[in-house]
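Some notes on the structure that comes next.
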Amino acid sequence: MAPSPVAARVANRKESRSWFEPPLPAPMEHWRPWRPRVGLAMPDEHAWWQRGVVYQVYPRSFQDSNGDGVGDLPGVLSRLDHLAALGVDAVWISPIYPSPMADFGYDVSDYTGIAPVFGSLEDFDRLVAAAHARGLRVILDYVPNHSSDRHPWFIESRSSPANPKRDWYVWRDPAPDGGPPNNWLSEFGGPAWTFDATTGQYYYHAYLPEQPDLNWRNPELRAAMLDVLRFWFDRGVDGFRVDAIHHLIEDAAFRDNPPNPDWKPGMSPARRLIRAHTMDQPEVHDEIADMRRVSDTHADAHGGERVLIGEAYLPIDRLMAYYGADLSGFQLPFNFHLLSTPWRAREIGALVERYEAALPPGAWPNWVLGNHDRSRVASRLGPAQARVAAMLLLTLRGTPTIYQGEEIGMMDVPIPPERVQDPWERNVPSLGFGRDPVRTPMQWDAGPNAGFTRGAAEPWLPLAPDHGAVNVAAQAADPRSMLSLHRALLALRRAEPALSVGSYIPIEGAEDVLAYERRDTATGRRLLVALNLGGQERELPDAASGRRTLLSTYMDNGAPRLRPDEGVVVGEPAAGLSSPA
């Protein structure tokens, strides 16, 4: 019999560590309230990206290996054992391509290289091999909407209106008054058009002027960008998270966007207009289908499932189109709706049911609670409810994504004005849109610079003031910590097909209680999840009667009633599982 994924990861765990890597966590028995035995394999009929959990690494802030204060690929490699012990299945790495870093890697100057600050292609190859040896998949960011203004393609494009690459970007003549061609606005503030005096035209940029938009209506540009996918697939990448896909195509007639009657002071300046002609255009789905064909062709030729994950902040009904006709689009169009739904049981329950009901036949759901652009969960909800949120994320039906640091309950870090790095915050400094507070260095231990870097250079962003207590090393030694809760949740999810691939059935709960059943359709095994989103003790649902607590966010045996800020998974212990500790 093949070893279970858990056993394989332990067997493949790297024994030799770099000088800047802390000791491995304590043995699994010391931090799990229960543990699966070898042999609890996942069903083969589901792809790895359906069964698994994705972990996002923001590489500038994950681990610095060379002492320059910026995280890098050797640093990520040195921390793979943390991810393997955590129990995730894939690591998604935010952009690592060569870039002037106007938007910290999302302004790409070479789509098939590695920025020297992060390492080299050889470092990347070693990282992929080391991840695969641990049973971890590797997902890269793909940035198809725009390049850097220093990309050779754009340098050629702006050199002359007659240049063969002129049409690889979006160029327009000035309006009759000499101003921008229309009223489109940049997501980062100001006009979305920049005048180029050399050629007398404006170029379009949905984001910074340093990020000119690529013209996907040009077949040569489209072919070149699809070749980028092939390049990285050939290096062993298992999938891509596709950035800003809803901005990929603009209105062919370049019509003005209409005013937004709901805009109020304090909202993003870009929201003064409804983005009717600059976002979510119908032609984008043809381009996604082309990306999917490249992905599927590579998977067929080389074996193994590849995954495409699309970033599109859209209402549920419009998001569903990104699965594509006959599911020919993204396997996982990111579902960000938990980020904006009020943290109340009824609202979240209604959201889950709306989303489940909207899914096309055969489509696979996914859930996101945090990322490198949004306030951290513990800052939004408080540390107690962050534990409940972790149980929600990891027990809903579908593929969850965990952002680095959420597994230890990191919080937003105030950034002094002189340390601000985010161009969005610099463009609109008084509105508080900066993303730096959620991108601060990962907190590994209580030592200098939280173990993120041991060089003389200051970390590129300030450290959290609580890093002496909130860090991986301290929480690995605490059986009731946030980290221990995440490990236990991920282990339970891996051991229980009901949680990883089972069906979702809502259950009536008391006030403040969100409850649902997860059912393994193959065996009929049922697990009840009950989450108290309030600060008062509440009754467990009747469906919990006669069942045992398999896991509580309090990391104990549970109680007859739901305690304040408590979530529980209830059911009969499965064969191969020990009783709760």
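The values are calculated or read from the model by the stated rules, or taken from the named source; none is laboratory data. Since this is a predicted model, take the numbers as computed values, not measurements. Ideal geometry is used to build each Cβ from the backbone, glycine not excepted, and the neighbour counts take in all protein chains shown.
Within region 365-394, the set of residues being of a type outside the set (D, E), surrounded by fewer than 21 Cβ atoms within 10 Å (Cβ to Cβ) and assigned to a loop (DSSP other than H, G, I, E, B) comprises P365, H372, R374, S375, G382. Considering (1) charged (D, E, K, R); (2) within 23 Å of I288 (Cβ to Cβ); (3) modelled with pLDDT under 95, the lone condition that E45 does not fulfil carries the number (2).
Checking D107, D125, D81 one by one, the residue that is under 25 Å from M279 (Cβ atoms) and in the same structural domain as E311 (by TED's automatic domain parsing) is D107 and no other. Among residues of region 341-360 that are free of Cβ contacts under 8 Å to residues at least 40 places away in the same chain and not assigned by TED's automatic domain parsing to the domain that holds G567, those with a Cβ under 9 angstrom from a residue that is of a type in the set (F, W, Y) and assigned to a helix (DSSP H, G or I), sequence gap 6+ or separate chain, pair up as L359/Y323. Scanning region 324-344 for residues that are farther than 13 Å from A289 by Cα, surrounded by fewer than 21 Cβ atoms within 10 Å (Cβ to Cβ) and of a type in the set (S, T, N, Q) returns S340, T341.
T521 falls short on exactly one of the conditions (1) of a type in the set (S, T, Y); (2) within 23 Å of D565 (Cα to Cα); (3) surrounded by fewer than 20 Cβ atoms within 10 Å (Cβ to Cβ), and that condition is (2).
Out of curiosity, is G451 at positive phi and in contact (Cβ under 8 Å) with a residue 12 or more places away in the chain? Spell out the reasoning first.
Values: at positive phi: yes; in contact (Cβ under 8 Å) with a residue 12 or more places away in the chain: yes.
Answer is yes for this residue.
Yes or no: region 539-553 includes at least one residue that is outside the structural domain of E353 (by TED's automatic domain parsing) and of a type in the set (D, E). Yes, some residue in region 539-553 is outside the structural domain of E353 (by TED's automatic domain parsing) and of a type in the set (D, E).
Within region 254-293, the set of residues being at pLDDT 95 or above, crowded, with 18+ Cβ neighbours inside 10 Å, in a helix (DSSP H, G or I) and of a type in the set (A, V, I, L, M, F, W, C) comprises V284, I288, M291. So which residues in region 507-553 are closer than 22 Å to L485 by Cβ and among the charged types (D, E, K, R), if there are any at all? D512, E517, R518, E537, R538, R547, R548 - these are the residues of region 507-553 that are closer than 22 Å to L485 by Cβ and among the charged types (D, E, K, R).
When residues of region 102-123 are filtered for being within 27 Å of F154 (Cα to Cα) and more than 20 Å from the chain's Cα centre (by Cα), how many remain? Before the answer, list the steps.
Going through region 102-123, the residues within 27 Å of F154 (Cα to Cα) turn out to be 102-121.
Those left that are additionally more than 20 Å from the chain's Cα centre (by Cα): 102, 109-117, 119-121.
So the count comes out to 13.
The set of residues in region 421-453 being assigned to a helix (DSSP H, G or I) and more than 22 Å from the chain's Cα centre (by Cα) consists of R426, N427, P448, N449, A450, G451. Number of residues in region 420-449 that are modelled with pLDDT of 95 or more and among the charged types (D, E, K, R) equals 4. Flag: V57 matches the condition of being under 24 Å from L463 (Cβ atoms) and either surrounded by fewer than 23 Cβ atoms within 10 Å (Cβ to Cβ) or modelled with pLDDT of 95 or more (or both). Condition (residue is surrounded by fewer than 22 Cβ atoms within 10 Å (Cβ to Cβ), on the phi > 0 side of the Ramachandran plot, of a type outside the set (V, I, T) and out of contact with any Asp or Glu (no Cβ under 9 Å at 6 or more places or on another chain)) applied to region 180-194: is it met by at least one residue? Checking region 180-194: at least one residue is surrounded by fewer than 22 Cβ atoms within 10 Å (Cβ to Cβ), on the phi > 0 side of the Ramachandran plot, of a type outside the set (V, I, T) and out of contact with any Asp or Glu (no Cβ under 9 Å at 6 or more places or on another chain). Find all pairs meeting these conditions: Cβ atoms under 7 angstrom apart; at least six residues apart or on different chains; first residue within region 143-155 and in contact (Cβ under 8 Å) with a residue 12 or more places away in the chain; second residue of a type in the set (D, E). Sorted first by the residue in region 143-155, then by its partner, the pairs are V143/D243; N145/D213; N145/D243; H146/D213; S148/D107; S148/E210; D149/E210.
Give all pairs with beta carbons closer than 6 Å in which a residue from region 121-140 that is surrounded by 18 or more Cβ atoms within 10 Å (Cβ to Cβ) meets a residue that is assigned to a loop (DSSP other than H, G, I, E, B); count only pairs at least 6 apart in sequence or on separate chains. The qualifying pairs are F124/I114; V128/G236; R137/D238; V138/V237; V138/D238; L140/V237. Taking region 319-348 as the range and being over 22 Å from the mean Cα position of the chain (by Cα) and either outside any loop (DSSP other than H, G, I, E, B) or among the aromatic types (F, W, Y) (or both) as the test, the residues that pass are A325, D326, A345, R346, E347.
Residue by residue through region 357-370, note down the ones that are in contact with a strand residue (DSSP E or B) (Cβ under 8 Å, 6 or more places away or on another chain) and over 16 Å from L392 (Cβ atoms). W364 - this is the single residue of region 357-370 that is in contact with a strand residue (DSSP E or B) (Cβ under 8 Å, 6 or more places away or on another chain) and over 16 Å from L392 (Cβ atoms).
Might you check whether a residue that is of a type in the set (A, V, I, L, M, F, W, C), surrounded by fewer than 22 Cβ atoms within 10 Å (Cβ to Cβ), assigned by TED's automatic domain parsing to the domain that holds V70 and in contact (Cβ under 8 Å) with a residue 24 or more places away in the chain occurs anywhere in region 434-444?
Our first condition is that a residue be of a type in the set (A, V, I, L, M, F, W, C); within region 434-444, this holds for 438, 442, 444.
From what's left, surrounded by fewer than 22 Cβ atoms within 10 Å (Cβ to Cβ): none.
Among the residues of region 434-444, not one is of a type in the set (A, V, I, L, M, F, W, C), surrounded by fewer than 22 Cβ atoms within 10 Å (Cβ to Cβ), assigned by TED's automatic domain parsing to the domain that holds V70 and in contact (Cβ under 8 Å) with a residue 24 or more places away in the chain, which makes the answer no.
In the list R222, R217, which residue meets the criterion of being loosely packed, with under 15 Cβ neighbours inside 10 Å, within 29 Å of A289 (Cα to Cα) and either in contact (Cβ under 8 Å) with a residue 24 or more places away in the chain or out of contact with any Pro (no Cβ under 8 Å at 6 or more places or on another chain) (or both)?
Numbers: R222 fails: loosely packed, with under 15 Cβ neighbours inside 10 Å.
Just one listed residue meets the conditions, R217.
Just one of the listed residues (A456, A464) is more than 24 Å from the chain's Cα centre (by Cα), under 30 Å from P417 (Cα atoms) and hydrophobic (A, V, I, L, M, F, W, C), and it is A456.
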